[in-house]
Amino acid sequence: MAFYSTISYYYDDIFPYNEAQLKFVKSFLLPLAHRTILDIGCASGSLSLHLAKAGFDVSAIDFDEIMIRIAKLKQKEMGVHVNFNQM
């Protein structure tokens, strides 16, 4: 997984957040009664944070420690809560 550590600071430039991705995921989640989500392989947390902003209760995990640090920094900037953990 060292590859992701090497691109972690550029991850959002390489794979920018896309509103269409959020719409696609929400289209499958909204019919569900339970609004708790586990995002496995959350990378820099963009989708997780936008799901939390949309009202979902989100926990997110990623193997890469640097990605989780970046996600936590973005969380502070956005002012939403996601339970980010390295696993």
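The values are calculated or read from the model by the stated rules, or taken from the named source; none is laboratory data. Note that the structure is a prediction, hence the values are computed from the model and not measured. Here the Cβ positions follow ideal geometry from the backbone for every residue, glycine too, while neighbour counts run over all protein chains shown. These accessible areas exclude ligands, DNA and RNA; they are computed on the full protein's heavy atoms, side chains included. Shrake-Rupley method; radii C 1.70, N 1.55, O 1.52, S 1.80 Å.
Annotations for the structure displayed:
- Lys-Lys pairs in the chain that are eight or more residues apart or on separate chains and whose Cα atoms lie under 16 Å of each other come to 5.
- Relative contact order of the chain, defined on C-alpha pairs under 8 angstrom at six or more residues apart (%): 29 percent
- Selection of trypsin sites (Lys or Arg not before Pro), region 1-76, meeting DSSP coil and at most 16 other Cβ within 10 Å: R35
- Chymotrypsin sites (Phe, Trp or Tyr not before Pro) restricted to the chain and DSSP loop, no more than 16 other C-beta within 10 Å: Y17, F63
- Nearest 10 degrees, 0 to 90: helix 65-78 Cα axis against the chain principal axis: 50 degrees
- Shape category assigned to region 46-87 from the gyration tensor of Cα positions, a/c cut at 1.5: oblate
- Site pair K53 and A20 shows an inter-label distance of 1.9 nm when each label is modelled 7 Å from Cα along Cα→Cβ.
- Linear extension gain, R69 paired with N83, 0.36 nm per residue minus alpha-carbon span: 3.8 nm
- Computed from Cα positions, the angle between helix 19-29 and the longest principal axis of the chain comes to roughly 50 degrees.
- About the centre of its Cα atoms, the chain shows a dipole size close to 280 debye [charges on the beta carbon of Lys, Arg (+1) and Asp, Glu (-1) only; nearest 20 debye].
- Residues whose amide H falls under 5 Å from that of I37, counting only those 5 or more places apart or on a different chain, are D57, V58, S59, with hydrogens built in the peptide plane.
- Mean residue ellipticity at 222 nm, helices only, the chain: -13500 deg cm²/dmol; runs of at least 4 DSSP H residues each add -39,500 (n - 2.57), and the sum is divided by the number of residues.
- Dipole of region 1-70, positive direction: furthest Cα of S8, V58, S44, with charges on the beta-carbon: V58
- Order of exposure, largest accessible area first, which applies to M67, M87 with probe 1.4 Å: M87, M67
- Summing charges over all other residues whose Cβ lies under 14 Å from the Cβ of Y9, with Lys and Arg as +1 and Asp and Glu as -1, gives -2.
- Calculated from the alpha-carbon coordinates, the chain shows an Rg and a Dmax of 12.6, 39 Å respectively.
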